[in-house]
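**Student:** My questions will all concern the structure given below.
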Protein chains: 2
Amino acid sequence: MRTVDPARHARKRAGILQAAAAEFAAHGVDGTSTAAICRRAGIGSGTLFHYFATKRDIFHALFADDVPRHAAACDRALAAERPDDGLDGLVDHLLADLPDPLVPGLAAAAFLQANRDEEFAGMIVADDARIRATLVTLAERLADAGRPLAFPPARVAGWIQRMVDASYLSAGEDGFDAAEQAAELRRIIDWLVGRSPAPARAEGHT
Amino acid sequence: MRTVDPARHARKRAGILQAAAAEFAAHGVDGTSTAAICRRAGIGSGTLFHYFATKRDIFHALFADDVPRHAAACDRALAAERPDDGLDGLVDHLLADLPDPLVPGLAAAAFLQANRDEEFAGMIVADDARIRATLVTLAERLADAGRPLAFPPARVAGWIQRMVDASYLSAGEDGFDAAEQAAELRRIIDWLVGRSPAPARAEGHT
DNA sequence: CCATTAATAGAGTGCGTGCTCTACTATTGG
DNA sequence: CCAATAGTAGAGCACGCACTCTATTAATGG
């Protein structure tokens, strides 16, 4: 017999995923050939298909790994003593990948993939809905506490999520500064949830 | 001899573009086959390539037609007597396509295409830059008039553009209402440019 | 130290692709 | 009514694709 070494397997798999992410982000799912992924990962096609059954599966894996992380962040946000803290924590989490230059491209690829791949769409929609629901709950708690929201809770939640998306869209532009972007977004959120801007919040969360 | 009938030609061309837009929006550039465009447009491949040299050209045409429209809107905004009016007009123009369900998909496709198609990237970047510059100028005029902007003019312009993008991203979601979305965005812009109708909250930003 | 199986490479394959080519029809000017 | 040419269709082609198959090497347990 011979058992598989999970650490070794995971390491190689992660390497392939990293290479695939770069290709997918630059060229989209259909624009990326498995040969390009192999080239970048420095492997043969036999090895690629030993780790993943199809190209689609590689793309799925890229996002599936994030789902539990997001779920945990939502749980943490809802468990926070004060809804303000929960909101801040969740927003921090959502912005965590802002310095990663691959994210905008991957987001665009995901958006298109959702139109043609029902399984993928289900995964993404569920993830999105969970975050949305969490934001709505937090906004409702703030409203219940008498906070004057700019819009109804569901709309405030929608705008926060949209502006996070928008931030990712602009990442990679000339002169983009993730920290500045995040600080400004927090200030807009402050306004949305009727909070007077906390002066100079700690922004060292690298 | 026989001369071409420009109206007839333009009509057919527009029909092909409409079919192509639907396909590109749903499946991206690489995910769309020329055969699919032909099928949707009800034409043969010979006809398709009689009107457009390559698939890429079809995609380019989809966006090239908008460039002069945007430029005109920018000129109008800059020519406005009061910068507030110019800003409102430009924002209205940018949001005009919000009810069109194809736009989000086309935007995602365009985003990916810009990575692989230098000519296309140049076109889009130039268009974007023009709108950005117009917004910056308008914001500067407001600032010069003593209006307390939430951020420096360039950043305010960036956020407006980003939030317009974000609005398009969310178009097509369940229960999306273009009018409501536009109204809320205008209210956020009001806040960004320090315009009065703030919600019931203490108004002092330093 | 061998049996067993994971890991890997890369040639091969069938299919779908963007686009061309040829043939035919519709529409115009003189 | 007759060139002349725009418009149209669709078969065909060369190519790149995702994926398979075969063969070989590396790593583990007993």
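The values are calculated or read from the model by the stated rules, or taken from the named source; none is laboratory data. None of these values were measured; they are calculated from a predicted model. Because the Cβ atoms are built from the backbone with ideal geometry, glycine has one as well, and the counts that use them run over all protein chains shown. Ligands, DNA and RNA are excluded from the accessible area calculation, which covers all protein heavy atoms including side chains. Shrake-Rupley method; radii C 1.70, N 1.55, O 1.52, S 1.80 Å.
**Student:** What stretch of chain A, leaving out the sites themselves, is the longest with no GluC sites (Glu not before Pro) in a DSSP loop having at most 16 other Cβ atoms within 10 Å?
**Tutor:** Longest run free of exposed loop sites: A:82-172.
**Student:** Taking a quarter of the surface of the Cα convex hull of chain B, what do you get in nm²?
**Tutor:** Values: hull surface 59.5 nm².
Answer in nm², one decimal: 14.9.
**Student:** Further, regarding this structure: Residue B:55: which lysines have alpha carbons under 23 Å from its alpha carbon, excluding same-chain residues fewer than 8 sequence positions away?
**Tutor:** Result set, ordered by chain and number: B:12.
**Student:** May I ask you to give the percent of accessible area on region A:6-62 that is carbon plus sulfur, with a probe radius of 1.4 Å? Working shown, then result.
**Tutor:** Working: 1410 of 2770 Å².
About 51 percent, which is the carbon plus sulfur part of the accessible surface.
**Student:** Which residue, A:42, A:158, A:172, has the most motion in a Gaussian network model of chain A that connects Cα atoms within less than 10 Å?
**Tutor:** Highest fluctuation among the options: A:42.
**Student:** Out of A:141, A:130, A:39, any idea which swings most in a Gaussian network model of chain A, alpha carbons joined below 10 Å?
**Tutor:** Of A:141, A:130, A:39, the most mobile in the Gaussian network model is A:39.
**Student:** Rounded to the nearest 0.05, what FRET efficiency is calculated for residue A:66 and residue B:2 with R0 set to 51 Å and r the Cβ-Cβ distance?
**Tutor:** For residue A:66 and residue B:2, the calculated efficiency is 0.25.
**Student:** Here's a follow-up. Once the label point is placed 7 Å from Cα along Cβ, list for residue A:57 the distances to the corresponding points in the other copies, in nm, shortest first.
**Tutor:** Copy-to-copy label distances for residue A:57: 4.2 nm.
**Student:** For region A:6-62, what are the per-bin percents of Cα-Cα distances with bins 10 Å wide, up to the bin holding the maximum?
**Tutor:** Bins of 10 Å from zero give 26, 63, 11, 0 percent of pairs.
**Student:** Compute the label-point distances linking residue A:196 to its equivalents in the other copies; points lie 7 Å from Cα along Cα→Cβ; give nm, one decimal, shortest first.
**Tutor:** In ascending order, 2.3 nm.
**Student:** Follow-up. For the residue pair residue A:81 and residue B:9, what label-to-label distance in nm results when each label sits 7 Å from Cα along the Cα-to-beta-carbon direction?
**Tutor:** It works out to 7.4 nm between the two label points.
**Student:** Could you tell me whether region B:122-179 comes out rounded, prolate or oblate from its Cα gyration tensor? Rule is a ≥ b ≥ c as square roots of the eigenvalues, rounded for a/c under 1.5, then prolate if a/b exceeds b/c, otherwise oblate. All intermediate terms of the calculation are to be shown ahead of the outcome.
**Tutor:** Values: a/c = 3.26, a/b = 1.51, b/c = 2.16.
Taking the square roots of the gyration eigenvalues as a ≥ b ≥ c, region B:122-179 is oblate.
**Student:** Please name the residues of region A:98-115 whose accessible area, counted over protein heavy atoms with a 1.4 angstrom probe, falls by no less than 50 Å² between the chain alone and the full protein assembly.
**Tutor:** Buried on complex formation: A:111, A:112.
**Student:** Roughly how many nanometres apart are two label points built 7 Å out from the Cα toward the Cβ at residue B:118 and residue A:119?
**Tutor:** Calculated label separation equals 3.9 nm.
**Student:** Let me ask you something else. Can you list the distances in nanometres, one decimal and ascending, from the residue B:121 label point to the identical position in each other copy, with the point 7 Å along Cα to Cβ?
**Tutor:** Label-point separations across copies, in nm and ascending: 3.1.
**Student:** In chain A, if the dipole is taken from +1 on Lys/Arg beta carbons and -1 on Asp/Glu beta carbons about the Cα centre, which of A:7, A:71, A:196 is farthest to the positive end?
**Tutor:** The listed residue farthest towards the positive side: A:7.
**Student:** Name the chymotrypsin sites (Phe, Trp or Tyr not before Pro) in region B:125-179 that are in a loop by DSSP and that have at most 16 other C-beta atoms within 10 Å, would you?
**Tutor:** Working: sites: B:159, B:168, B:176; in loops: B:176.
Those that pass, being in a loop and sparsely packed, are B:176.
**Student:** Further question: Mind grabbing the accessible area of residue A:4 for me, 1.4 Å probe, Å², rounded to tens?
**Tutor:** Estimated to the nearest 10 Å², residue A:4 gives 100 Å².
**Student:** Based solely on its DSSP helices, what 222 nm [θ] is calculated for chain A when runs of n ≥ 4 H residues each add -39,500 (n - 2.57) and the sum is averaged over all residues, nearest 500 deg cm²/dmol? It would help to have the intermediate numbers written out before the result.
**Tutor:** Numbers: 10 runs with 151 residues, N = 206.
After summing the helix terms and dividing by residue count, I get -24000 deg cm²/dmol.
**Student:** If you don't mind, another one. Using only the Cα atoms of region B:85-206, what are the Rg and Dmax in Å?
**Tutor:** 15.8, 49
**Student:** Continuing with this model, one more query. If you wrap the protein assembly as shown's Cα atoms in a convex hull and average its projection over all directions, what's the area in nm²? Walk me through the numbers before you get to the answer.
**Tutor:** Numbers: hull surface 101.7 nm².
Over all viewing directions, the protein assembly as shown projects a mean Cα-hull area of 25.4 nm².
**Student:** Note down the net charge around residue B:33, summing +1 for each Lys or Arg and -1 for each Asp or Glu among other residues with Cβ under 15 Å from its Cβ.
**Tutor:** That sum, taken over residues with Cβ under 15 Å, equals +2.
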